[in-house]
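Chemist: For reference, the structure I am asking about is given below.
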Amino acid sequence: MVTERVSARIVCTGLLLTCCTGAAWPHATEQAFVLLLPTGVYTAAGVASVALTALLLVVIPAAGASYLFRPFVLPRVPAHSLHYGTSALSTVLLLAAVWAGFGGARDPSENPLPLLIWTIWWIGLVTVQGLLFDIWRWINPWTAVVALIRKGTARIRRPRLPFGHVIGMLTFLAFCAFLMVDPAPTDPARLAGYVAVYWITTLIGIVVFGPRWLYRAEAFSMMMRAYGRTRILGRTRGTSALGLPGWRILNRRTAPLGLGLFVLLLLGGGSFDGLNETYRWFTLLGINPLEFPGRSAVVLQNLIGLVAANMVLIATFALTLLIGLLLIREETGLGRAMRIFAPSILPIALGYHIAHYLTAFMVDGQYALVALSDPMHRGDDFLGLGPHFVSTGFFNTQNTVRAIWLTQAGAVVVGHILSLLLAHALAVSHYGSAQRAVVLQAPLAVFMVAYTLFGLWLLASPRGG
């Protein structure tokens with residue numbers, strides 16, 4: 001046993017040295033210690049927790065799950081229009097960051113644009129939107145523009161937006177491809193070009209089709225609105241309320257089919273973002289992960305994998321619902337079931353987002369703080385940080401890595417448990433008795449337990465790339 005532990009440490013140390021002397025690989029440093037953790041035991045406990053939740057649904061009262069998501073009404077807050085001003089400010093800041101992307105430092109850790117897009121917004125603010133409150137209402141860089149356009153063109157009759165939510169779905173897939181497949185998504189000038197083109201294209205869409213463009217074709221507004229359904233603070237019946245993450249899903253009308261499919265893309269994209277870094281994926285592609293040739297060598301493979309992963313997820317989710325409908329002999333269509341149950345996947349997608357990007361945020365968040373404290377690189381210290389050096393010391397001890405990994409695993413497990421409870425409450429609400437709901441949900445519960453195992457395997461698997 002001692003010999004095995006020593007051998008494991010030697011292997012992990014070798015992997016760590018290889019990672020440090022080669023190209024910069026994400027998650028490489030803490031992964032050596034993860035290999036020493038009893039992740040099999042942790043994974044079994046997490047899967048068992050989700051499976052036990054599924055079994056408890058058999059015995060809880062019909063209204064039990066719904067009661068858990070009942071919100072607490074808060075004091076009424078007067079309506080105001082301050083968000084138009086903050087939206088205008090966020091637009092100015094975004095355009096300034098784009099300008100810095102074209103003409104500023106070439107190092108992504110020093111240029112404000114990559115830090116703004118990938119660290120502050122994509123990791124930090126998306127998490128805030130999904131967990132806490134509707135921050136997108138305050139920082140949406142098109143809200144103020146929409147208000148001005150609406151005021152100036154109120155009498156103009158605009159054409160109907162074609163294809164429903166398809167444009168937004170394709171746009172989000174393109175974003176995922178840029179994030180996961182593009183050889184250099186953090187290159188400041190390259191990123192600035194994409195951001196500028198997207199902002200202008202969205203502006204044109206708003207001018208032509210009106211505000212509905214933001215709700216059906218603008219992928220990030222669609223994403224933030226979807227994740228907003230899981231936040232704990234929201235509004236119901238004209239007043240503020242606080243509840244368990246996901247309570248707004250039960251208190252909102254059934255989502256359109258296009259929006260339901262978009263929710264599944266959120267989960268599929270996040271899952272593949274973890275899968276394409278694993279040694280198992282490189283082995284499938286016939287690549288030695290310790291001799292990774294770079295992203296440019298696997299662009300087509302990763303693009304095909306991204307599309308295939310989402311197609312498999314949507315098909316599997318639809319199949320579980322179809323089997324459930326057949327079991328209870330429900331004659332209403334699969335499309336209606338997809339519209340009802342797809343939003344219940346949102347806590348899983350958010351849990352994956354938090355778990356996958358936690359370690360990146362712990363490092364890149366420090367770079368973002370330094371950049372905010374000295375945005376013009378003139379030696380300013382607006383945040384009072386003093387001489388500050390970015391630290392990764394928390395990846396160098398097994399105890400801290402264990403705490404980080406368990407936090408990530410907890411986000412995945414809690415997300416699945418919340419989704420199970422939400423799905424059960426939705427089944428009771430739309431399909432009658434608790435018994436019918438349990439039978440209908442049984443295949444979906446099996447899917448969620450299996451996906452828990454998959455998610456925890458992703459966290460424990462060796463990664464490179």
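The values are calculated or read from the model by the stated rules, or taken from the named source; none is laboratory data. Only a predicted model underlies this, so the values are computations on that prediction, with no experimental measurement involved. Please note: Cβ atoms are built from the backbone with ideal geometry, for glycine as well, and neighbour counts cover all protein chains shown. In case anyone asks, the SASA skips ligands and DNA or RNA and just uses the protein heavy atoms, side chains included. Shrake-Rupley method; radii C 1.70, N 1.55, O 1.52, S 1.80 Å.
For every residue, the table says whether it meets (1) farther than 16 Å from Val446 by Cβ; (2) in contact (Cβ under 8 Å) with a residue 60 or more places away in the chain; (3) among the hydrophobic types (A, V, I, L, M, F, W, C).
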position	(1), (2), (3)
Tyr42	yes, yes, no
Ser49	no, yes, no
Leu56	no, no, yes
Tyr67	yes, no, no
Phe72	yes, yes, yes
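Chemist: Considering only residues that are open to solvent by 40 Å² or more (accessible area, probe 1.4 Å) and not in a loop (DSSP other than H, G, I, E, B), which ones fall in the range 243-258?
Modeler: Hits for the range 243-258 are Leu250, Leu257.
Chemist: If the Cβ limit is 8 Å and pairs must be 6+ apart or interchain, which residue in the range 378-406 that is closer than 26 Å to Gly351 by Cα and in a loop (DSSP other than H, G, I, E, B) pairs with which residue that is of a type in the set (A, V, I, L, M, F, W, C) and open to solvent by less than 80 Å² (accessible area, probe 1.4 Å)?
Modeler: Listed by first residue and then by second, the contacts come to Thr392/Val363; Thr397/Phe33.
Chemist: Assuming Ile123 fulfils every condition listed in (1) closer than 25 Å to Val307 by Cα; (2) open to solvent by less than 40 Å² (accessible area, probe 1.4 Å); (3) assigned to a loop (DSSP other than H, G, I, E, B) apart from one, which condition is it?
Modeler: (3)
Chemist: For Val166, indicate whether it is in contact (Cβ under 8 Å) with a residue 60 or more places away in the chain and more than 21 Å from the chain's Cα centre (by Cα). I'd like the intermediate steps shown before the answer.
Modeler: On the way: in contact (Cβ under 8 Å) with a residue 60 or more places away in the chain: yes; more than 21 Å from the chain's Cα centre (by Cα): no.
Criteria not met by Val166.
Chemist: Identify, by number, the condition in (1) open to solvent by 20 Å² or more (accessible area, probe 1.4 Å); (2) in contact (Cβ under 8 Å) with a residue 40 or more places away in the chain; (3) in a strand (DSSP E or B) that Val207 doesn't meet.
Modeler: Single failed check for Val207: (3).
Chemist: I would also like to ask the following. Hey, among Leu440, Leu406, Leu420, which residue is crowded, with 23+ Cβ neighbours inside 10 Å and under 24 Å from the mean Cα position of the chain (by Cα)? Show your work before the answer.
Modeler: Numbers: Leu440 fails: under 24 Å from the mean Cα position of the chain (by Cα); Leu406 fails: crowded, with 23+ Cβ neighbours inside 10 Å.
Step by step, each of Leu440, Leu406, Leu420 is checked, and only Leu420 is crowded, with 23+ Cβ neighbours inside 10 Å and under 24 Å from the mean Cα position of the chain (by Cα).
Chemist: If we scan the range 128-146, do we find a residue that is part of a helix (DSSP H, G or I) and without any contact (Cβ under 8 Å) to a residue 12 or more places away in the chain?
Modeler: Taking every residue of the range 128-146 in turn, at least one turns out to be part of a helix (DSSP H, G or I) and without any contact (Cβ under 8 Å) to a residue 12 or more places away in the chain.
Chemist: Right, next: Of the numbered conditions (1) free of Cβ contacts under 8 Å to residues at least 40 places away in the same chain; (2) more than 21 Å from the chain's Cα centre (by Cα), Phe178 satisfies every one except a single condition; which is it?
Modeler: It fails just one condition, (2).
Chemist: Next question, about the same structure. Considering only residues that are charged (D, E, K, R) and open to solvent by 20 Å² or more (accessible area, probe 1.4 Å), look in the range 259-289 and name the one that is modelled with the highest pLDDT. I'd like the intermediate steps shown before the answer.
Modeler: In the first step, residues of the range 259-289 are kept if they are charged (D, E, K, R); the result is 273, 277, 280.
From what is left, the residues that are open to solvent by 20 Å² or more (accessible area, probe 1.4 Å) are 277, 280.
Values: Glu277: 87, Arg280: 90.
Ranking the qualifying residues of the range 259-289, first place goes to Arg280.
Chemist: Counting only residues that are under 22 Å from Asn111 (Cα atoms) and assigned to a helix (DSSP H, G or I), how many does the range 177-199 have? Working first, answer last.
Modeler: The first filter runs over the range 177-199 and keeps only residues under 22 Å from Asn111 (Cα atoms), leaving 178-199.
Next, from what is left, pick out any that are assigned to a helix (DSSP H, G or I): 178-180, 188-199.
Of the residues in that region, 15 qualify.
Chemist: Would you mind telling me which numbered condition in (1) open to solvent by less than 30 Å² (accessible area, probe 1.4 Å); (2) more than 23 Å from Thr143 (Cβ to Cβ); (3) touching a helix residue (DSSP H, G or I) at 6+ places or on another chain (Cβ under 7 Å); (4) not in a helix (DSSP H, G or I) Leu161 fails?
Modeler: (2)
Chemist: Only one of Ala450, Ala423, Ala445 is at negative phi and free of Cβ contacts under 8 Å to residues at least 12 places away in the same chain. Can you tell me which?
Modeler: After ruling out the rest, the residue left standing is Ala450.
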